[in-house]
Amino acid sequence: MRIGVLGTGTVGQAIGSRLVELGHEVRMGSRQAGNEKAVAWVSGAGERGSEGDFSDAAAYGELLFNCTAGEHSLEALDAAGAQNLAGKTLIDVSNALDFSDGPPPAVGISNKDSVGASIQRRFGDARVVKALNTVNADVMVDPAKVPGDHVLPICGDEQAKPGVVELLGEFGWPAERVIDLGDISRACGMEMYVTLWLGFMNSLGTAEFNIALAR
Ligand SMILES: NC(=O)c1ccc[n+]([C@@H]2O[C@H](COP(=O)([O-])OP(=O)(O)OC[C@H]3O[C@@H](n4cnc5c(N)ncnc54)[C@H](OP(=O)(O)O)[C@@H]3O)[C@@H](O)[C@H]2O)c1
């Protein structure tokens with residue numbers, strides 16, 4: 001499948017590389033074509049990897065990942081262009097981190113709203129699914145890095161979710177460990193979890209962990 005990965009950071013690179021490894025064709029997008037990190041990523045990705053600006057990557061992808069800084073995701077997606085998102089599954093991996101009062105960060109959009117819901121409101125024709133933002137980039141694409149039956153919440157567009165669960169399965173997430181929380185309003189809880197996640201990381205001294213559910 002042709003996939004547009006919007007974002008050149010750790011997450012964009014981890015997801016882009018994993019998708020290429022799985023046989024997908026990936027175009028990485030950034031504010032400006034020729035972005036240094038994107039060019040370096042392409043040189044390691046081989047012939048299935050390419051790069052361009054946010055609009056190029058969004059137009060290219062049949063499915064899209066938003067791996068941009070959550071507090072700037074709407075700007076990035078505006079640059080990608082509503083027409084390039086329309087009718088497509090957009091997997092939103094973002095968290096909005098507000099470092100204005102220094103570390104640890106606050107959640108930039110919270111309580112009653114989220115980046116995921118803001119994206120769905122702004123781009124009504126996109127099929128937004130929130131996923132993967134509750135784990136570190138390395139765990140996103142290789143859940144076996146953490147032993148046990150740990151889980152991944154998702155929420156969002158009903159029609160898009162089955163395809164997203166399938167793609168998560170390719171990453172290594174068994175469908176029974178993907179917990180569907182409902183519509184995109186649930187992204188609020190998924191994004192506010194980042195403060196608890198940061199607390200766990202601080203105590204455990206590693207970012208390679210995840211949560212399991214007992215019931
Ligand atoms: N790091 C993790 O393990 C992890 C785990 C869970 C969730 N997340 C979330 O995943 C997302 C990506 O994280 P990351 O660490 O890979 O990268 P990041 O540094 O949070 O974001 C990098 C991307 O954001 C874009 N960006 C920054 N400012 C922008 C602006 N003003 N307008 C438009 N685009 C802008 C950058 O564009 P350019 O390419 O043009 O520079 C770049 O592509 C974030 O939302 C993060 O909170 C990260």
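Quick note: the coordinates plus some simple rules give every number you see, no bench work behind them. From a predicted model like this one, the values you see are computed outputs, not experimental measurements. Here the Cβ positions follow ideal geometry from the backbone for every residue, glycine too, while neighbour counts run over all protein chains shown.
Annotations
- Selection within the range 180-211 - charged (D, E, K, R) and touching a strand residue (DSSP E or B) at 6+ places or on another chain (Cβ under 9 Å): Asp180, Asp183, Arg186, Glu191
- Residue check: Thr10 meets all listed conditions (1) within 7 Å of the ligand (Cβ to nearest atom); (2) surrounded by 15 or more Cβ atoms within 10 Å (Cβ to Cβ); (3) hydroxyl-bearing (Ser, Thr, Tyr) but one, namely (2).
- Residue within the range 82-91 that is over 17 Å from the mean Cα position of the chain (by Cα), free of Cβ contacts under 8 Å to residues at least 60 places away in the same chain, within 8 Å of the ligand (Cβ to nearest atom) and closer than 16 Å to Arg122 by Cβ present: no
- Pairs with Cβ under 9 Å, 6+ apart, first in the range 1-28 and free of Cβ contacts under 8 Å to residues at least 24 places away in the same chain and among the basic types (Lys, Arg), second assigned to a loop (DSSP other than H, G, I, E, B) and more than 14 Å from the ligand (Cβ to nearest atom): none
- Annotation note: of Val165, Val139, the sole residue that is surrounded by fewer than 21 Cβ atoms within 10 Å (Cβ to Cβ) and hydrophobic (A, V, I, L, M, F, W, C) is Val165.
- Residues in the range 49-74 that are near the ligand (Cβ under 8 Å from one of its atoms) and more than 16 Å from Gly116 (Cβ to Cβ): Phe54 only.
- Near pairs, Cβ below 6 angstrom, 6+ apart or cross-chain, from the range 94-107 (farther than 13 Å from Gly70 by Cα) to any residue that is within 11 Å of the ligand (Cβ to nearest atom) and not in a strand (DSSP E or B): Pro104/Leu198
- Looking at the range 121-215, the strands (runs of 3 or more DSSP E) lying wholly inside it that each contain 3 or more residues that are under 24 Å from Ile109 (Cβ atoms) and within 16 Å of the ligand (Cβ to nearest atom) sit at 127-131, 152-156.
- Qualifying residue in the range 30-44 (condition: buried (at least 21 other Cβ atoms within 10 Å of the Cβ) and within 18 Å of Glu62 (Cβ to Cβ)): no
- With respect to being surrounded by fewer than 18 Cβ atoms within 10 Å (Cβ to Cβ), over 19 Å from Ala96 (Cα atoms) and in contact (Cβ under 8 Å) with a residue 60 or more places away in the chain, Glu47 falls outside the description.
- Residue match in the range 89-96 (condition: crowded, with 23+ Cβ neighbours inside 10 Å, under 15 Å from Pro153 (Cα atoms) and in contact with a Leu (Cβ under 8 Å, 6 or more places away or on another chain)): yes
- Being of a type in the set (A, V, I, L, M) and either within 9 Å of the ligand (Cβ to nearest atom) or crowded, with 22+ Cβ neighbours inside 10 Å (or both) is a condition met by at least one residue of the range 97-109.
- In the range 13-46, residue farthest from Asn84 (Cα to Cα) [restricted to those that are outside any helix (DSSP H, G or I) and near the ligand (Cβ under 7 Å from one of its atoms)]: Asn35
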